[in-house]
Amino acid sequence: MLKKKNNVAIFASGSGTNAQNMIEYFRNHDAIKISLIVSNNPDAFVLKRAEKEKMPKVILSGKDWEEKGKAAKVLQDHQIDFIVLAGYLRLLPSWLIRQYPGKIVNIHPALLPAYGGKGMYGEHVHRAVIASGDKQSGISIHLVNEEYDKGAIIFQARCPVLPSDTPETLAARIHELEYEHYPRVVEKVIMSNLWSVTGNG
């Protein structure tokens, strides 16, 4: 008997390169399907990617999240089992964390717990790492809780910070780590026996 696929929603606020990488990785997966793109930004390029992929997409603003009904109904209608944050620049509401315990993951472009927290994303992180004189940076993949970048760390990968680095060159090295590791770690989390695959939360 075939089990239904685990439906994944990707939350993104910007270009969506990690979302695109995730879509391609799981395109023909036996057990996992990227089923929905969610953005808080109506101008986000990730929405164009969703259109090209003929994938359902939805814009949920801050007010939509405060009013649990609409956001919860969108996720229910698409039978979402797991949530993957890929450059999503909004703190998730408490009710969503409770509804998906251990089933929301995020990637951060630094070695947490350093360089995390509100306002620490993208170029802001890379500038801070370079300014500190750190010799290493990397990525952290973690479960999401009610605080920015404070959930349990699942996986980290490292890369050197070179004396000649700019935020742009360091970002390029970080992106390579993201593209290599994020889909595989998400796959392991979803397939793990530690998480329910029934979608009942």
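Where does each of 152-164, 76-88 land if you order them by average Cβ count within 10 Å, highest first?
Details: 152-164: 13.6, 76-88: 20.3.
Ranking, from highest mean packing down: 76-88, 152-164.
Classify region 1-43 from the C-alpha gyration tensor, please: rounded if a/c falls under 1.5, else prolate or oblate depending on whether a/b exceeds b/c.
Values: a/c = 4.92, a/b = 2.08, b/c = 2.37.
Since a/c reaches 1.5 but b/c is at least a/b, the shape of region 1-43 is classed as oblate.
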Could you tell me how far the Cα centroid of region 1-63 sits from the Cα centroid of region 72-136, in Å? 16 Å
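Would you compute, from DSSP H runs of 4+ residues alone, the mean residue ellipticity of the chain at 222 nm, taking -39500 (n - 2.57) per run and dividing by the full residue count, rounded to the nearest 500?
Numbers: 7 runs with 74 residues, N = 201.
Per the formula, -11000 deg cm²/dmol.
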Order these peptides, 109-119, 29-39, by their mean beta-carbon neighbour count within 10 angstrom, highest first. 29-39, 109-119
Using modelled amide H (1.01 Å from N, peptide plane; none on Pro or chain starts), what sits under 5 Å from the amide H of ASN145, excluding residues fewer than 5 places away? LYS150, GLY151
Can you list the HN-Hα couplings for region 128-135, worked out from phi with the Karplus curve (6.51, -1.76, 1.60; θ = phi - 60°), rounded to whole Hz and with x for Gly and Pro? 5, 4, 5, 5, 6, x, 4, 8
Read phi for every residue in region 67-84 and hand back ³J(HN,Hα) as whole Hz from Karplus 6.51 cos²θ - 1.76 cosθ + 1.60, θ = phi - 60°, with x for Gly and Pro. 8, 3, x, 5, 4, 4, 5, 4, 5, 5, 4, 9, 6, 6, 9, 9, 10, 10
Classified through the alpha carbon gyration tensor (a ≥ b ≥ c as square roots of its eigenvalues; rounded if a/c is under 1.5, else prolate when a/b is larger than b/c, else oblate), region 55-143 comes out prolate
Which residues qualify? For TYR88, with a placed amide H closer than 5 Å and at least 5 residues away or on another chain, they are SER13
Could you tell me which of rounded, prolate or oblate describes region 1-88, using a ≥ b ≥ c as the square roots of the eigenvalues of the alpha-carbon gyration tensor, with rounded for a/c under 1.5 and, failing that, prolate when a/b is larger than b/c and oblate otherwise? oblate
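Bear in mind that the values in this text are calculations on the coordinates, not laboratory data. What you see is a predicted model, and the numbers here were worked out from it, not measured in a lab. Glycine also receives a Cβ, built like all others from the backbone with ideal geometry; neighbour counts cover every protein chain displayed.
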